[in-house]
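Take a look at the structure below.
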There are 2 protein chains.
Amino acid sequence: MSANRTPTESFVDLLIVGAGPAGLMLALWASKFDMKIRIVDDKSARVRTGHADGMHSRTIEIFQSFGIARDFISRAYHINEICKWNPKPSNEDEIERTETVLAQPQHLSRFPQSALNQGAIEQILEDKITSEGKIRVERNTIPVELRLEETEACSDDQEAEQGSYPIHVTLRNIGEDGRASTPAAAPSDEIVRARYVVGCDGAHSWVRRMVNMTTEGQKTDTHFGVMDIIPLTDFPDIRKSCVIHSKNGSVMTVPREDRLVRLYVQLGETAWDSDLVRPVEVTPEMILEHAQRIFHPYTLNFGICDWHSMYTVAQRLAPRFDYKNRIFLAGDAVHTHSPALGQGMNVSMQDAFNLGWKLGSVITRVMKPEVLSTYNDERRPIALALINLDKEMTKFYSNGPSRQSRDYQTFRDRFAGFVSGTAVCYAPSALVADTSEQSLAANIQLGQRFPSHKVVCSAEANPIHLSDVMLSNGAWRILTFAGDIESPSQLERVQQLGAYLESLKKQYSSPEHTTMEVFLVHSGTRHFNILDLHPVYHPWDDRLGWDYWKVFSDDLQDFEPGQSSPYEKYGIDKQQGCIIILRPDQHVSYIGTMDNFVDVSRFFNSALIRNAVIAEPDT
Amino acid sequence: MSANRTPTESFVDLLIVGAGPAGLMLALWASKFDMKIRIVDDKSARVRTGHADGMHSRTIEIFQSFGIARDFISRAYHINEICKWNPKPSNEDEIERTETVLAQPQHLSRFPQSALNQGAIEQILEDKITSEGKIRVERNTIPVELRLEETEACSDDQEAEQGSYPIHVTLRNIGEDGRASTPAAAPSDEIVRARYVVGCDGAHSWVRRMVNMTTEGQKTDTHFGVMDIIPLTDFPDIRKSCVIHSKNGSVMTVPREDRLVRLYVQLGETAWDSDLVRPVEVTPEMILEHAQRIFHPYTLNFGICDWHSMYTVAQRLAPRFDYKNRIFLAGDAVHTHSPALGQGMNVSMQDAFNLGWKLGSVITRVMKPEVLSTYNDERRPIALALINLDKEMTKFYSNGPSRQSRDYQTFRDRFAGFVSGTAVCYAPSALVADTSEQSLAANIQLGQRFPSHKVVCSAEANPIHLSDVMLSNGAWRILTFAGDIESPSQLERVQQLGAYLESLKKQYSSPEHTTMEVFLVHSGTRHFNILDLHPVYHPWDDRLGWDYWKVFSDDLQDFEPGQSSPYEKYGIDKQQGCIIILRPDQHVSYIGTMDNFVDVSRFFNSALIRNAVIAEPDT
């Protein structure tokens, strides 16, 4: 075969470069939509051990929304408590425990902060993708050329633009040995024409370089020695996460699965022996020796070291997360920072989770293409906030014992919500309606992810978390908090809303997937017969009958006596109720009264494409 | 190849005939022990749809003990509530709801009664067995000859008997078409010499016939039409389990996974159209027609019928569950009854769960062979009680509306504990010590399975169910409820007990597996440093360090505020504590004070084989 043959050309809706946590999350999300996806990675296999390991509550909620949280939870270490150690005032050569704090307030999420090695997390994602049978990761494959047809990208004709494949990417298989012959064309080269490309290809992102973007920021003087060991020690808190300041440096510990403990051993540049800053030469024993000095008077050794590494913190941020709304970047490709907050893998997957449904909805013609700009608008401020927090946290460690290190609870409280990922809030846009009436649901924050509480599935008398029935499938959710439907006047409002919602669903229905799902949570007795409600709340199917899994009661007393009701937890009036619109990523788009059809219609009209095939309903 | 060749001969510790729920449970349990096991089944594949579907709390607890409950729970329907329907007094042609009752009291178990088709349950068991890689089900294989060498079976020499393989079984592969050429020898025949054989081969058990045993009892006049449908109906309780008495017969409904509902349509012999009693001719439409008359005035139809069957209840019981303590029978092979209590699959798997660890412990020389007689002594009374209850329940359905059908809660309360499986209690024997002091733990019943409550793993600050750390691995568990270890005198008692327990563990240690595990639950603050306790409570390993997962606190306040503590739930004194010995199947063997070493030693000496290799400890 000649190396000069014409490469094959194929078409794809979405090409993902990089199959780390961000790329895999994006592939999983995109696979929920009816479109053609490919994902390539230069490595021959996924990460086996070590690397990132922290998983925060929101990331686990996202896993739960794909039905893979239980795989993760059963294997992960749950970080419930953090112990703070400082030098002993009576003898500064020794450390003592000065504080024990809960890792995060319980109300933030039903899932605790957790830790599991990155390899296991990637495996859970890839297994799920594989089991769905639509996509497989193409390994040992790199892109060698990328070109965006500028004219098509700027087309004003929406229809034409959506149907076009303006990105030309040349892919090359580099084989198991991992070396590509870069200059000339290779026999394995193929040209892929893509509608959208996403670079999830790490800190040295090739895709980012192809669009001439450089990240801004700098390498710091802060160095970490990292290792995963099974410790042999008399340190009493070795199975809790610890933040240790000593006169010999700082250590952060994160217990893990399989008896492992992750140690981040950090020393300010002055304390650090300069020959340790050459990563390839660092051995576990060298990191251990530094840790031993910090742990004094406790002993610390290991029989098993599963992984170790050494790196210097670089805090860098890209100026934009997209290029002309056609090429997107996620994860380390656009932000890098220290591991001090355990955020890297989380924010990367959350980038991809923000982007996946938007691309899927645009490609399947449910959503308007211009909405894609919300990806940059929503995620870049998060990365910027993270880097600012990371700078503060890096100083906290490298500056040694301080007032903050002796009042850790106060220090930690400031960023618990951000770190958990549940406090992330997106500003008003085409996807977050500024017409919302926040006061109708005091504890549901417009722009934040919808918090899940237990309700009772009326038809099955089954207590269930609301998020368990709102899995990530690409659908928008309209939650009717119907109030007291045993009041005839309230029931009448609910029925009128039902008729409106039915017409709304028809306007935006898509042959490719369910665009909208309607749920109802009422505050009346759970024995209310749901078949008395408008059929939009329990849709009929000629083969499957009624849908019994959309109507819920807040009456949990038979199952969780003494607990406050979901209406109380959400801060919603039990008589009047309200409606809440959730985006496919569970963020709150809109809060309004049950009668305000105008604002609901206006909201959807600004984000979604009305299905022209179906005539306007009469109602 | 000649059909007259000498069959190959091989040796096996345990041969299991039949790979239904009982056989698979036995294989899974036995695989935890270091021994050679084979399991054969005449069918070419496992059950796909229909058949049994009820899973009661104790069975789910057993699944949990093998780490497979979450696979089950996430797919199963949870039966929380039962609706009772009776004829409307004002119009007996119609039915009305007369009662709504909770399926079982919450304190019985953390797992609710559930329903999932038998095929899925068998798949979960077989997947687990396969993933462990020690055994695979040999399908299309039947035993054609079985012979027990009487002399060896009766040997008085324990060593010789344990080493012998007195059961000769000829196995034959019958191919995919399922027909064996019974009279002559076949080319595929092989002789297996087994130490023990268990027949889990159903109501028509071949193994049972080989030992000349017949079940006693009779076929009744009670007939069930059974079907799994996705209902199209306006009946408001279709997604709850219902017990319906009408003037046209009775129906029991069990909602299921994937929108299915199981209907048991039962009619007394007088009401039943006699041509329906020929099972092969019964169609789903015929069963539906009867159901429709019972559901009147509600409509009932289906678009999809997943499975249907028709059968006549036979209540039969075998005179013994073993033959000379060498050949055992479990499940339908020794007891059959109606599906009215949803017990069949449960009691069958529970038989196997009672037997598996006993065989494993005897074969690996941990336990004395005579203890095997407890299988018959413990399980036959359960089957007898079940059949008596089943007779009552069958009458309840076939007799039509009655006083009991109008006071269902009272009727149901009588057997909730038995049905859940958690009330099953084994009488004193070599495995249940009559020297126990029941009053030390008011809510832990000697002979019953140990109820699980949440405690806090001190080292990890992690709330966890006790049963989650006592998985089924063949080990006996000594639970030290250590009381208030912040009191110096109590701590001293705990340390002395620790020294005793260490010597005890050494006496019975086995090279094949862990014979005993020691756990400690104290009532002091969860911040107590567990390394201050005797090492038997946190054993050391030179490569893995301390074991941090054996000491627990009852201080749950940080995690579940307002809940009563485990000591209160168990009814154990918070100062004095007690010790509890659990069998490998989680049944309570012994309850005593922390100082009564004599009775503990006596108990183990009666059941276990002391390891002769290790010298008596000095202590």
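The values are calculated or read from the model by the stated rules, or taken from the named source; none is laboratory data. Given the structure is predicted, the values throughout are model-derived calculations rather than measurements. Here the Cβ positions follow ideal geometry from the backbone for every residue, glycine too, while neighbour counts run over all protein chains shown. These area figures cover heavy atoms from the full protein model, side chains too; ligands, DNA and RNA do not enter into them. Shrake-Rupley method; radii C 1.70, N 1.55, O 1.52, S 1.80 Å.
Here are the numbers for the structure shown:
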{"item": "Chains B and A together, accessible area buried on both sides, 1.4 angstrom probe, square angstrom", "result": "3700 Å²"}
{"item": "Cα point-scatterer Debye curve for segment A:557-610, base-10 log of I(q)/I(0) at q = 0.14, 0.15, 0.18 Å⁻¹", "result": "-0.52, -0.58, -0.74"}
{"item": "Mean projection area, nm², convex hull over Cα of segment B:190-343", "result": "11.8 nm²"}
{"item": "At 7 Å out from Cα toward Cβ: residue B:304 inter-copy label distances (nm, ascending)", "result": "4.5"}
{"item": "Neighbour net charge for residue A:599 - beta-carbon separation under 13 angstrom, K R +1, D E -1", "result": "-2"}
{"item": "Debye log10 I(q)/I(0) at q = 0.04, 0.06, 0.08 Å⁻¹ for the protein assembly as shown, Cα point scatterers", "result": "-0.26, -0.60, -1.09"}
{"item": "In Å², nearest 10: area of residue A:238 left accessible to a 1.4 Å probe", "result": "0 Å²"}
{"item": "Between helix B:373-398 and chain B: long-axis angle, C-alpha atoms, 0 to 90°, nearest 10", "result": "30 degrees"}
{"item": "Top positive-direction residue, dipole computed over the protein assembly as shown with Cβ charges, set A:507, A:133, B:586", "result": "A:133"}
{"item": "Table column - 3J(HN,Hα) (Hz), segment B:426-436, Karplus curve with 6.51, -1.76, 1.60, x for Gly and Pro", "result": "9, 6, x, 6, 4, 10, 9, 7, 6, 7, 5"}
{"item": "Reach of residue B:88 by Cα under 17 Å, taken over lysines that are not fewer than 8 positions away in the same chain", "result": "B:247"}
{"item": "Inter-label distance for residue B:11 and residue B:384, nm, one decimal - labels placed 7 Å from Cα along Cα-to-Cβ", "result": "3.9 nm"}
{"item": "Value of D in µm² per second that Stokes-Einstein yields for chain A, Kirkwood Rh from Cα pairs, at 10 °C (1.306 mPa s)", "result": "61 µm²/s"}
{"item": "Amide H within-cut-off set for residue B:367, under 5 Å, with H built and near neighbours excluded", "result": "B:362, B:609"}
{"item": "Cβ-vector label at 7 Å, residue B:593, separations to other copies in nm", "result": "7.3"}
{"item": "Principal axis dimensions, segment B:328-482 - Cα atoms, whole angstrom, descending", "result": "57, 39, 29"}
{"item": "Net lengthening on full extension, residue A:540/residue A:435 (0.36 nm per residue, minus Cα-Cα)", "result": "34.5 nm"}
{"item": "Long-range amide H partners of residue B:220 with built H, under 5 Å", "result": "B:313, B:314, B:315"}
{"item": "Residue-count net charge about residue B:92 - beta-carbon cut-off 14 Å; Lys, Arg +1, Asp, Glu -1", "result": "+1"}
{"item": "Over segment A:1-137 - Rg/Rh using Cα atoms and the Kirkwood inverse-distance radius", "result": "1.18"}
{"item": "The protein assembly as shown - percent of accessible surface contributed by carbon and sulfur, probe 1.4 Å", "result": "49 percent"}
{"item": "Summed residue charge, Cβ within 14 Å of residue A:238's Cβ, Lys/Arg positive, Asp/Glu negative", "result": "0"}
{"item": "Nearest-ten-degree value, helix A:118-132 long axis tilted from longest Cα axis of chain A", "result": "30 degrees"}
{"item": "Largest to smallest accessible area among A:364, A:593, B:514 [probe 1.4 Å]", "result": "B:514, A:593, A:364"}
{"item": "Cβ-derived FRET efficiency at R0 60 Å, residue A:164 paired with residue B:280, nearest 0.05", "result": "0.45"}
{"item": "Radius of gyration and Dmax over the Cα atoms of segment A:438-607, both given in Å", "result": "14.9, 45"}
{"item": "Whole-Å semi-axes of the ellipsoid equivalent to segment B:350-416 (Cα gyration tensor, √5λ, descending)", "result": "39, 10, 8"}
{"item": "Gain in span if fully extended, residue A:107 to residue A:94, counting 0.36 nm per residue against the direct Cα distance", "result": "1.1 nm"}
{"item": "Dipole magnitude (debye, nearest 20) for chain A, charges at Cβ of Lys, Arg, Asp, Glu", "result": "800 debye"}
{"item": "For residue A:289, inter-copy label distances in nm, listed shortest first [label point 7 Å out on the Cα-Cβ vector]", "result": "9.0"}
{"item": "Equivalent ellipsoid semi-axes - Cα gyration tensor, segment B:14-70, angstrom", "result": "20, 18, 8"}
{"item": "Nearest residue to the symmetry axis between B and A, taken on chain B by its Cβ, in whole Å", "result": "B:70, 3"}
{"item": "Under-5 Å amide H pairs with residue B:448, H placed in peptide plane, nonlocal only", "result": "B:426, B:588"}
{"item": "Cα-Cα over 27 Å, subset of A:32/A:550; A:368/A:574; A:32/B:128; A:550/B:128", "result": "A:368/A:574; A:32/B:128; A:550/B:128"}
{"item": "Surface accessible to a 1.4 Å probe, residue B:78 within the full protein complex, Å²", "result": "40 Å²"}
{"item": "Entries of B:454/B:505; A:324/A:506; A:134/A:506 with Cα pairs more than 30 Å apart", "result": "A:324/A:506"}
{"item": "Average partner coverage of B:236-249, which counts Cβ from other chains inside 10 Å", "result": "3"}
{"item": "Accessible area, probe 1.4 Å, largest first, for residues B:585, B:332", "result": "B:332, B:585"}
{"item": "Rounded FRET efficiency, nearest 0.05, which uses the C-beta distance separating residue A:75 from residue A:414 and R0 of 51 Å", "result": "0.95"}
{"item": "Equivalent ellipsoid semi-axes - Cα gyration tensor, segment B:468-539, angstrom", "result": "23, 14, 9"}
{"item": "Accessible area (Å², 1.4 Å probe, nearest 10) - residue A:289", "result": "100 Å²"}
{"item": "Net lengthening on full extension, residue A:218/residue A:134 (0.36 nm per residue, minus Cα-Cα)", "result": "26.2 nm"}
{"item": "Surface accessible to a 1.4 Å probe, per residue, for the residues of segment A:438-607, Å²", "result": "33 Å²"}
